[in-house]
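Undergrad: One structure, as structure tokens, below. Some questions next.
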Amino acid sequence: MFDKKHQQFRFKYRLLTAKSRVLPNFMVLGARYSGTASLVKLINEHPKLHGTCQSQIHYFDGGLFPEKDNFLKGENWYRAHFPMRKEMPQGHLAYEASTFYSFHPLAAKRLHDLLPKVKLIFVLRNPVDRAIHQYRDAKRHNREYLPLINALQIEEKRLAWTLKNKDYKSGTFIHATYKTRGHYQEQIARYLELFPKEQIKLVSIEELTRHPNKVIGEIYRFLGVENTTRKIDSINLPQVNLEHESDVRNYLQDYFSRRNQAFYEFSGKSFNW
């Protein structure tokens, strides 16, 4: 109880000082279950890169709860999560990491309206593995009752009403979009309609895992900061058993085969998924 009251008091102070706080220079976006937390952990080691007072602010997507909309809380509420301007010396950068922004249909426009110069880092993962990981998490939290193959086969039917009514806070949209969240081309295209490609960088978690020093060096160059990170021996991703029946893997690989090839051409980069 004391901790909760203390946190509430601290955030009230942050709100009172919101106008003296910075907005982010760059964003780390989804896809969800793509290893974003592993990249954020590395970024946090850099002395000139500063995150928010809490993870996953969910401002531009409005949040995950139907009864409240974080976006309606306004810019000062958003600013309250960032460092004070006086705490940010020349050359230091603030950032936010929220994995729902890449998928949410309204987030790109909202983000651009407030932050047209912000740099964007998309963390991507083989959409087959990503979909299975999301399903396992949904099952673990009792958000899914169907076997995976059945949930995949009826995903479009489940989503039809939600998409028609733009109900982006529905449990179906948030938790049961196993295949749809892997439609990377559609999601990134929304941002490219608003942001120049020079402000966007795509990172695959597989490449980060294989070549962590190379990839993190590229990210720092993209952000315009020197590479001060220690030599990285390996990346410890959350261990999730992604083995599944061959019919599930065959179904997903067939589903994503042409989509992946189209995405490689669209992005100009082969991710070898």
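Undergrad: Using a probe of 1.4 angstrom, how much of the accessible area of the chain is carbon and sulfur, in percent? Kindly include the intermediate steps, with their values, before the conclusion.
TA: Working: 7390 of 14380 Å².
Carbon plus sulfur share of accessible area: 51 percent.
Undergrad: Sticking with this one: With 32 Å as the limit, write out which pairs from Lys231/Lys269; Lys19/Lys139; Lys86/Lys109; Lys109/Lys157; Lys117/Lys269 have Cα-Cα distances beyond it, or answer none.
TA: Numbers: Lys231/Lys269 26 Å; Lys19/Lys139 42 Å; Lys86/Lys109 29 Å; Lys109/Lys157 27 Å; Lys117/Lys269 24 Å.
As for pairs spanning more than 32 Å Cα to Cα, those are Lys19/Lys139.
Undergrad: Glu207: net charge of surrounding residues, Cβ under 10 Å, Lys/Arg +1, Asp/Glu -1, itself excluded?
TA: Working: positive: Arg210, Lys214, Lys269; negative: Glu206, Glu218.
Charge balance in the 10 Å sphere: +1.
Undergrad: Sticking with this one: Give me a comma-separated list of calculated 3J(HN,Hα) values for region 42-50, in order, Karplus coefficients 6.51, -1.76, 1.60 applied at θ = phi - 60°, integers in Hz, x for any Gly or Pro.
TA: Per-residue couplings from phi come out as 5, 4, 5, 6, 6, x, 9, 10, 10 Hz.
Undergrad: So how compact is the chain: Cα radius of gyration and Dmax in angstrom?
TA: Over the chain's Cα set, Rg and Dmax evaluate to 19.1, 57 Å.
Undergrad: Something else now. Between 0 and 90 degrees, rounded to the nearest ten: what's the tilt of helix 127-140 against the longest Cα principal axis of the chain?
TA: 80 degrees
Undergrad: Related question: Write down the percent of antiparallel bridges among all DSSP beta bridges whose residues are both part of the chain, to the nearest 5.
TA: Numbers: 1 of 16 bridges.
Around 5 percent antiparallel, to the nearest 5.
Undergrad: Excluding residues fewer than 8 places away in the same chain, name every one of the aspartates and glutamates whose C-alpha is closer than 12 Å to that of Lys164.
TA: Filter leaves Glu156.
Undergrad: Please give me the summed charge of the neighbours of Thr180: other residues whose Cβ is under 13 Å from its Cβ, Lys and Arg +1, Asp and Glu -1. Can you show the working numbers first?
TA: Values: positive: Arg32, Arg130, Lys157, Arg158, Lys179, Arg181, Arg259; negative: Glu155, Glu156, Glu186.
Cβ neighbours under 13 Å give a net charge of +4.
Undergrad: Taking the solvent-accessible surface of protein heavy atoms with a 1.4 Å probe, what is the per residue accessible area of the chain in Å²? Working shown, then result.
TA: Values: 14380 Å² over 273 residues.
For the chain, the per-residue accessible area is 53 Å².
Undergrad: For region 147-244, just the Cα atoms, rotate onto the principal axes and tell me the three extents in Å, largest first.
TA: Its Cα atoms span 48, 38, 19 Å along the three principal axes.
Undergrad: Right, another one. Rounded to the nearest 500 deg cm²/dmol, what is the calculated helix-only ellipticity per residue at 222 nm for the chain, with -39500 (n - 2.57) per DSSP H run of length n ≥ 4?
TA: Working: 12 runs with 120 residues, N = 273.
It lands at -13000 deg cm²/dmol.
The values are calculated or read from the model by the stated rules, or taken from the named source; none is laboratory data. Everything numeric in this text was worked out from a predicted model, so none of it was measured. Reconstructed Cβ throughout: ideal geometry from the backbone, glycine too, with neighbour counts over all protein chains shown. When the accessible area is computed, the model is the full protein with side chains, heavy atoms only, and any ligands, DNA or RNA have been set aside. Shrake-Rupley method; radii C 1.70, N 1.55, O 1.52, S 1.80 Å.
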